[in-house]
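To start, the structure under review is shown below, and the notes come after it.
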Amino acid sequence: MKGFFITLEGPDGSGKTTQIKLITNFFQKRGMDFILTREPGGTPIGEEIRRLLLDKNNSDMEPEVEALLYAASRAQHVKQVIIPALKNGLVVICDRFLDSSIVYQGISRGLGIKTIEKINELAVFGLKPDLTFVLDISPEIGIMRKKMNKSIDRIETEDLEFHRMVQNGYLMLAEREPDRIKVINAENSIEEVYKEIEAHLITLVDNMQK
């Protein structure tokens with residue numbers, strides 16, 4: 001059986017980490033093999049790139065450099081981890097993917113959606129998620145959550161206007177691809193958020209196994 005590819009997206013502080021744990025439980029209970037990975041990162045090379053990207057000391061990083069580093073991490077990740085897993089019939093659950101670059105660098109950094117898509121043509125090897133969850137939350141609440149839980153990274157230090165553009169960017173992508181991208185209100189309780197996610201997972205699994 002061919003594997004399938006699930007991604008989680010959303011503004012910072014939207015609760016992706018918590019929901020990813022619940023999603024992995026969903027597949028464990030069904031005895032389905034899966035891997036959990038993330039971007040930037042997912043490979044030793046990708047994790048080194050992640051360190052550069054999120055280090056607050058690199059505040060002078062140019063948007064173009066940022067976009068290219070994300071794409072470089074993604075290329076290694078897709079070729080080394082994601083494609084082999086899918087070929088082996090595994091479910092791949094990934095914390096962020098190309099949609100993040102489109103929103104953060106294409107929209108919020110102002111590089112343009114087409115520019116980011118062009119940069120990433122080589123990086124994704126034609127791969128696209130089967131299902132993407134966007135955990136939608138206001139930037140005020142999201143950043144407050146992040147500051148309560150841990151020190152914030154370079155991207156999270158951006159001002160509220162930047163994060164508002166991120167939120168709006170995700171909603172715009174969801175309008176473009178409603179069949180793939182499902183927007184979930186992340187301001188609801190953890191249980192309510194997961195219940196909505198679970199319904200979509202059940203539909204996906206049923207359709208994939210037909």
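At a glance:
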{"quantity": "Cα extents of region 80-189 along the three principal axes, largest first (Å)", "calculated": "40, 33, 28"}
{"quantity": "Values of log10 I(q)/I(0), in the order q = 0.20 Å⁻¹, for region 66-106 under a Debye, Cα-only, solvent-free model", "calculated": "-0.64"}
{"quantity": "Inter-site label distance for Ile45 and Ala199 at 7 Å from Cα along Cβ, in nm", "calculated": "4.2"}
{"quantity": "Carbon plus sulfur fraction of accessible area for region 1-92, probe 1.4 Å, in percent", "calculated": "53"}
{"quantity": "Alpha carbon convex hull of region 1-129, projected area averaged over orientations, nm²", "calculated": "7.9"}
{"quantity": "Global form of region 157-197, assessed from the alpha-carbon gyration tensor, a/c cut-off 1.5", "calculated": "oblate"}
{"quantity": "Karplus-derived 3J(HN,Hα), 6.51/-1.76/1.60, for each residue of region 31-42, Hz, glycine and proline x", "calculated": "x, 9, 6, 8, 10, 10, 9, 8, 10, x, x, x"}
{"quantity": "Electrostatic dipole magnitude of the chain [Cβ: Lys, Arg +1; Asp, Glu -1; Cα centre; debye, to 20]", "calculated": "680"}
{"quantity": "Structure-based [θ]222 nm, the chain - -39500 (n - 2.57) summed over DSSP H runs of at least 4, per residue, nearest 500", "calculated": "-15500 deg cm²/dmol"}
{"quantity": "Net lengthening on full extension, Asn88/Lys56 (0.36 nm per residue, minus Cα-Cα)", "calculated": "7.7 nm"}
{"quantity": "Dipole-positive endmost among Asn88, Ile137, His200 within the chain (Cβ charges, Cα centre)", "calculated": "Asn88"}
{"quantity": "Solvent-accessible area per residue for region 64-134 (1.4 angstrom probe, square angstrom)", "calculated": "39"}
{"quantity": "Accessible area (Å², per residue) of region 155-197, counting only protein heavy atoms and a probe of 1.4 Å", "calculated": "56"}
{"quantity": "Taking the chain and dividing mean pair separation by its residue count, relative contact order in percent (alpha carbons under 8 Å, at least six apart)", "calculated": "32"}
{"quantity": "Ranked order, Lys56, Lys114 - accessible area, probe 1.4 Å, largest first", "calculated": "Lys114, Lys56"}
{"quantity": "With DNA, RNA and ligands ignored, accessible area of Glu187 (1.4 Å probe; Å², nearest 10)", "calculated": "90"}
{"quantity": "For the chain, built as a Gaussian network whose Cα springs stay under 10 Å, the top-fluctuating residue of Arg51, Arg176, Arg30", "calculated": "Arg30"}
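The values are calculated or read from the model by the stated rules, or taken from the named source; none is laboratory data. If you're wondering where the values come from, they're calculated on a predicted model, not measured in any experiment. Cβ: placed from backbone, ideal geometry, glycine included. Neighbour counts: every protein chain shown. The area values use the complete protein model at the heavy-atom level, side chains included, leaving out ligands, DNA and RNA. Shrake-Rupley method; radii C 1.70, N 1.55, O 1.52, S 1.80 Å.
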